[in-house]
1. Using the crude model of +1 on Lys and Arg Cβ and -1 on Asp and Glu Cβ, and no other charge, please compute the dipole size for the chain relative to its Cα centre, in debye to 20.
2. Of all beta bridges DSSP finds with both residues in region 25-123, what is the antiparallel percent, to the nearest 5?
3. So which of Lys37/Lys182; Lys94/Lys203; Lys63/Lys102; Lys55/Lys102; Lys92/Lys146 end up more than 19 Å apart by C-alpha?
4. Using amide H atoms built 1.01 Å from N in the peptide plane, name the residues 5+ places from Asp176, or on other chains, whose amide H lies under 5 Å from its own.
5. What share of Cα pairs, in percent, lie more than 16 angstrom apart in region 25-123?
6. For Trp27, Trp136, what's the fewest-to-most ordering of other Cβ within 10 Å of each Cβ?
7. Run the helix sum for the chain: -39,500 (n - 2.57) per DSSP H stretch of 4+ residues, divided by residue count, reported at 222 nm to the nearest 500 deg cm²/dmol.
8. Among Asn137, Thr160, Ser180, whose Cα lies farthest out toward the positive end of the dipole of region 116-183, if unit charges sit on the beta carbon of Lys, Arg (+1) and Asp, Glu (-1)?
Amino acid sequence: MHMIYKLCSIALLLIFTASLEASTLTWDQTEARIELKPNEEEARATFTVTNNGDKAVRIARIKTSCGCTGSIVERKIIEPGQSTEIVGTFHKGKRQGLNHNKLQVFLDNQADAVATLHMIVQVPNLIELQPRIIYWNADSAKTERKVRVSLDPRYVNEITEISYNRKTLDLVDTEDPTDSSKRVIQITPKSFSHVLRETIVIKAKGENGQSAESRLHVFVQP
């Protein structure tokens, strides 16, 4: 019983110490919102932390929520009254849309993060397809599938090319009856009795020379 009491006391002391150290740190921000431009591959956000306590603290590690996110620490040891910067980095890769990534900051000898930093990055989707994958199986109705195409008018405003295999697919490109700024692509396989895997490539351009490409995947599994 004495040993259990002692272990509980140590645990409570560690929790209290961690909470105390966390309360002595102040951040200029814990959330950064960034919108990438089409040709940008990386986003960066800077978080500044200040040690308002009377003892130095050391940043032991930073855990990120995604392999696309990294961190750069200006100075790991923060003396009383001093500040340091943590730079969060986000690599776009093939990601699109809204990306919410977290960086958990840990101090020495602490199991719990002293702070969680948020990088919310919007990657523009210049050509949006709804849906991006269409398929037919043995139970599907042998009818056309419709895909709505939306362009981001800030960057592209004209579909310049739709490439597909005319030997296996029939395709009709029409204006969306519910929104004149969008297009509707109607796709029908020439045969529903054979396995089919095709890709439709849609290209667009803008007045400033910006170009974009998106892929629509088509499957038939009889």
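1. It comes to approximately 720 debye.
2. Antiparallel bridges make up about 85 percent of those DSSP assigns within region 25-123.
3. Listed pairs above 19 Å: Lys37/Lys182; Lys55/Lys102; Lys92/Lys146.
4. For Asp176, the qualifying residues are Lys182, Arg183, Val184.
5. Considering region 25-123, 55 percent of its Cα-Cα pairs are separated by more than 16 Å.
6. Trp27, Trp136
7. My calculation for the chain gives -3500 deg cm²/dmol from helical runs alone.
8. Of the options given, the answer is Asn137.
Bear in mind that the values in this text are calculations on the coordinates, not laboratory data. Here the structure is a predicted model, which is why all the values come from computation and not from measurement. Glycine also receives a Cβ, built like all others from the backbone with ideal geometry; neighbour counts cover every protein chain displayed.
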